[in-house]
1. Of all strands (runs of 3 or more DSSP E) completely enclosed by region A:52-135, which ones contain at least 1 residues that are out of contact with any Phe, Trp or Tyr (no Cβ under 8 Å at 6 or more places or on another chain) and free of Cβ contacts under 8 Å to residues at least 24 places away in the same chain?
2. Any idea how many residues of region B:217-232 are farther than 30 Å from B:Leu32 by Cα and either modelled with pLDDT of 95 or more or of a type in the set (A, V, I, L, M, F, W, C) (or both)?
3. Could you look through region B:182-201, keep only residues that are open to solvent by less than 50 Å² (accessible area, probe 1.4 Å) and not hydrophobic (A, V, I, L, M, F, W, C), and pick out the one that is farthest from the chain's Cα centre (by Cα)?
4. Considering only region B:31-67, state which residues are of a type outside the set (A, V, I, L, M), free of Cβ contacts under 8 Å to residues at least 40 places away in the same chain and open to solvent by less than 20 Å² (accessible area, probe 1.4 Å).
5. Mind checking whether some residue in region B:177-191 is more than 11 Å from every other protein chain (Cβ to nearest Cβ), aromatic (Phe, Trp, Tyr) and touching a residue at least 24 places away in the same chain (Cβ under 8 Å)?
6. Of the residues in region A:32-51, how many are under 20 Å from A:Leu116 (Cβ atoms) and in a loop (DSSP other than H, G, I, E, B)?
7. Test A:Ser108 against the criterion of being crowded, with 21+ Cβ neighbours inside 10 Å, closer than 30 Å to B:Met200 by Cβ and of a type in the set (Gly, Ala, Ser), and give yes or no.
8. Among the residues that make up region A:1-16, is at least one of them free of Cβ contacts under 8 Å to residues at least 40 places away in the same chain and open to solvent by less than 100 Å² (accessible area, probe 1.4 Å)?
Amino acid sequence: MRSPTPMLIIDWRKCIGCRTCELACAMAKGSPEKLGRPRIAIHRPDDAPIPMTCLQCLEAACVKICPVGALSRHPETGAVVLDENRCIHCQSCVAACPFGHISWAEESRTPLKCDLCDGQPACAKFCPTGALTYK
Amino acid sequence: MQLVIDGIPCTAESGETILQVARRNRIDIPTLCHHDALEGVGACRLCVVAVRAHAEAVDAQVVASCMYAVKDGLQVDTATPEVRRLRQTVLDLLAARCPDAPEIQALRERMGGDAIDYAPAVDGSKCIMCYRCVRACEAIGCNAIAAVNRGPQKEIAPPFFDATQRCIGCGTCAAICPTGHIAVTETPQYREIWSQRFAMAQCAGCGAPFMTEATREHLAGLGKLKPDYFTHCAACRQRDAAARFVRVGT
């Protein structure tokens, strides 16, 4: 089934492992003074670089497990987004994601996940080879 | 339905609270015990407001805005002298109980307070009885803690201050506590909370402790996801998923 909203498409064959996406994400999620924690990471199984970030699953394990409905799908971007005011910091979503795409920020006691930058994903914008596209 | 908050006309749905409608309209009401995901309990009384049934009504009633369901035509004032005085008293009492709690200090800076430099609580308690921990524990489905005793002796604890099978040591109560009152000790082998020791589950990939065994059993037992979801830490799952994707793609 084709998603009704745009998707972040990862074509890992085009990835050259430059980690520009990680930096773009860290800048998008940080402040001018301090870089944020990136929601995307380059992994190198068998030496081939592959960008890994939230796939915004249509039937998402994180949404299913959240006891308070703090994770929901954004109607326009299609991203699974966290309502930080609803989060009770139980880390169930961190445990539930089958791909390990939600990490935990101990300092702010919040789960970190890709929210597709409200429809303007910085990683795709800066990827020099088209390994990451948003369409 | 329509209501007026501080002279601003607001639209609301039946069943909403004054606090919800006020926040949506960017009208600030201080709160301590409120949490968007947890049912209101009206514990801290900081969110009190004055309400009148309609525009011509003279008599105002003071209510907790986090609990009071809106009514059509309601006139709400969030900062009358009486409301301010009541909030101030509440805050002074909270400051007397636990002056070291950072939330209380921040509110005193914002709202002012009496000039008293309160001595720290004798028992070192930073608990402000907001019940966030109790309600979060309930939301998770464990109901392991509740208020015990009455009056100044009242405190949050597991039944009989003893180890309980209901607690899974997930640490959510400590994470949601606004004042850092709930103590957690953690080593690679165990986590200690509410004087109860929980064995940590080790990641099947890297061996790092990533949650308590009891939390893992709880999550697997919910039946929402397959039990084998909860064997590896997030970092290992991402690494394994990357390897799987490469295999699928070649």
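1. Answer list for region A:52-135: A:71-73, A:103-105.
2. Keep residues of region B:217-232 that are farther than 30 Å from B:Leu32 by Cα, which gives B:217, B:220-232.
When the remaining residues are screened for being either modelled with pLDDT of 95 or more or of a type in the set (A, V, I, L, M, F, W, C) (or both), the result is B:220, B:222, B:225, B:230.
Qualifying residue count for the region: 4.
3. This residue is B:Thr187.
4. Correct list: B:Gly42, B:Cys47.
5. no
6. Number of matching residues: 6.
7. Here the answer is no, as A:Ser108 does not meet what is asked.
8. Among the residues of region A:1-16, not one is free of Cβ contacts under 8 Å to residues at least 40 places away in the same chain and open to solvent by less than 100 Å² (accessible area, probe 1.4 Å), which makes the answer no.
The values are calculated or read from the model by the stated rules, or taken from the named source; none is laboratory data. From a predicted model like this one, the values you see are computed outputs, not experimental measurements. Here the Cβ is made from the backbone with ideal geometry for all residues, glycine too, and neighbour counts use every protein chain on show. Please note that ligands, DNA and RNA were not included when accessible areas were found on the heavy atoms of the full protein model with its side chains. Shrake-Rupley method; radii C 1.70, N 1.55, O 1.52, S 1.80 Å.
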